[in-house]
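Asker: Sharing a structure with you now.
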Amino acid sequence: MLADTSLLLRLYWTIDRRADKGTRRSSRLVMIVGLLILVALSWIVGSFAATLADGRFLFQVSAGILPGILFTAVLFGVVFVGFGQGLQALYLSDDLDKLWVAPIRPEAIMTAKLLSRLPSTVLLLFLGTIPALIAFGIGLDLGLLYYILGVLLILITPLFGISLGALIAIFLVRLLPARRLNEWVGAASIIIGVLLSLLLALPSFLGGNNQQVDPNVLATAEKFLNHLGDLPLPSMWVGRALVEFGRGQIAAAAFSALGTYLLITVGLFLVTIFVANRLFTAGWLRMQSAGTAVADIQEQPGVFGRHSLDFVLGFKDWLLRIRDPRLLATLFTSLILAGFVTFMLLRPQEDGSSLFALDLSVEGGVNFLSPGVFASGLIYLVGWMAFFNLALTSLSIERKAFYILKTAPLSASQLFRAKTLGVFIPYAVLATIGLVIMLVVLKLSLIWLPFGWMTLMIMGYGLFSFLVSLSFLYPNLDWEDPRRMRNRKAALPALLGAFGYSLITVFVAITTYFFALSEPGLAIPIVVMGLALLAGGTWFFVQWCTNRVEKAWPRIGAG
């Protein structure tokens, strides 16, 4: 078994190295810079923890807390990675059917599959934890045994997460299809990543300028951190044992903690390999032999037959996004980011003021940035953020099915208009609801409501027409991860073009509003002329986008 496992691991690692050689230099440079930042942050955390352990900071905690927290984070943090790895390697790999008929023991196949991504996992763990452990050991002047055991324990810690994640995957595949589970895993990772980044950024936004620290907060933090060491977790026990070994205090309790930790890591991995192998084999064979249910699909003209082509194509796009949890997660994260920006803009300032109270009055007492104008601008910004990615991936969402559309009796302008309406209509609904809420909350004038609503609609259609046109100019029809569905080449043109269009249209709208307030007797003609100028300029802009799409249409998918 060891020989088979070693052979398979060498083959998998060779394939990974060859794949890494094809990575672009810019991507490698970004990865190296990111890893260096990770090392620096890890060292800072270890040094800071050392100051807490020896009482050089505001309070003092037990010395074994930091190693215990690191081992706990790695122990349970790798479970999600192990689940994804188990699902991909054990059920969605394209070489399993060949391996099963080869003269290789099933245990060797399962071991090699679960450990095939171990080098990259261990590398990240090393760079994220070893600098912290070293800095902590130097700060407390710990002995050589501390460093040797720390490295060895970090090496074996991922085995627990890989084993537990694989066991969860093996049992869940018996309930749900593996590919569907993989989609939900991708959706969860997208949402978790965005939420974690927002949680990390939130304290810096809410911290304010107050530099004084409440003593009660410090006492609570000290008590909380010290209580972490009392948790009945083997990772916390081995953290204390590691510090004791570093100080030369070798006791039976330390050896007991070390043995327990080895049992739940190496021991659980061996149990998974030899005991769960039958469950894995049965689940994979059942998945291969499962037939495809054929639905009785009959023509029903009443569903789509009486609707326009724009409605059918737009509805089809939204069905794709709803049925794939990963696509739905990307939309959900865009809405989360838009909501976060709205919260940060609307929250009261330290002096109790609000952005809605800005007064930019000019001569004559006309405030051209009234609460209604600011509310409309905020709604436009939120809609831009919420559906920006949706518009830039309007064509990329088709993937290989794009060639069906290209051979269909459809013109480029028809498809472009349908894709634009598929993004614009949700924006229009969101903008209308937001404007009504602002109207009630801020008690805005009903007289200016039609002007604000029509301005939002005209600007929104022009904005999303431009963004959707970029999805035709820079498509990405070969993607697996929805987070990489957008073509990088479209990022800069999208930001510059959308900002330029928004700047011009906002200037026209605010100028119209300013002159209408300055000349109340001519308010209606001024508003009509302003809306006509806004609509006419947007119409020409949309026609320019349509012409670019029609010129690019023959080249899409040709290369």
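The values are calculated or read from the model by the stated rules, or taken from the named source; none is laboratory data. Since this is a predicted model, take the numbers as computed values, not measurements. Because the Cβ atoms are built from the backbone with ideal geometry, glycine has one as well, and the counts that use them run over all protein chains shown.
Asker: Can you tell me which condition residue 480 does not meet? The list is (1) within 24 Å of residue 396 (Cα to Cα); (2) of a type outside the set (A, V, I, L, M, F, W, C); (3) without any contact (Cβ under 8 Å) to a residue 24 or more places away in the chain; (4) assigned to a helix (DSSP H, G or I), and all the others hold.
Answerer: (4)
Asker: What is the residue count in the range 377-408 for residues that are free of Cβ contacts under 8 Å to residues at least 24 places away in the same chain and under 18 Å from residue 430 (Cβ atoms)?
Answerer: 0
Asker: Then there's this: Only one of 23, 51 is at pLDDT below 75 and in contact with a helix residue (DSSP H, G or I) (Cβ under 9 Å, 6 or more places away or on another chain); which?
Answerer: 23
Asker: Okay, moving on. Determine which member of the set 522, 534 is within 28 Å of residue 394 (Cβ to Cβ), part of a helix (DSSP H, G or I) and touching a helix residue (DSSP H, G or I) at 6+ places or on another chain (Cβ under 9 Å).
Answerer: The unique qualifying residue is 534.
Asker: Return the total of residues in the range 384-401 being closer than 23 Å to residue 497 by Cβ, outside any loop (DSSP other than H, G, I, E, B) and not small (Gly, Ala, Ser).
Answerer: So the count comes out to 9.
Asker: Then there is this: For the range 297-355, list the helices (runs of 4 or more DSSP H) that sit wholly inside it and hold at least 2 residues that are among the aliphatic types (A, V, I, L, M), closer than 30 Å to residue 438 by Cβ and modelled with pLDDT of 75 or more; which are they?
Answerer: Helices (runs of 4 or more DSSP H) meeting the threshold: 325-346.
Asker: Can you tell me which residue is farthest from residue 46 (Cα to Cα) among those in the range 124-159 that are among the aromatic types (Phe, Trp, Tyr) and in contact with a Pro (Cβ under 9 Å, 6 or more places away or on another chain)?
Answerer: 146
Asker: For residues in the range 403-442 being in contact with a Pro (Cβ under 9 Å, 6 or more places away or on another chain) and of a type outside the set (Gly, Ala, Ser), which is nearest to residue 392 (Cα to Cα)?
Answerer: 438
Asker: Could you say which residue among 456, 392, 446, 435 is more than 20 Å from residue 512 (Cα to Cα) and not polar (S, T, N, Q)?
Answerer: It is 392.
Asker: Then there is this: Condition first: part of a helix (DSSP H, G or I) and either touching a Phe, Trp or Tyr at 6+ places or on another chain (Cβ under 7 Å) or modelled with pLDDT under 85 (or both). Now tell me which residues in the range 402-421 satisfy that.
Answerer: Scanning the range 402-421 gives 402, 403, 404, 405, 406, 407, 412, 416, 420.
Asker: Is it the case that residue 530 is farther than 19 Å from residue 412 by Cβ and crowded, with 20+ Cβ neighbours inside 10 Å?
Answerer: Here the answer is yes, as residue 530 does meet what is asked.
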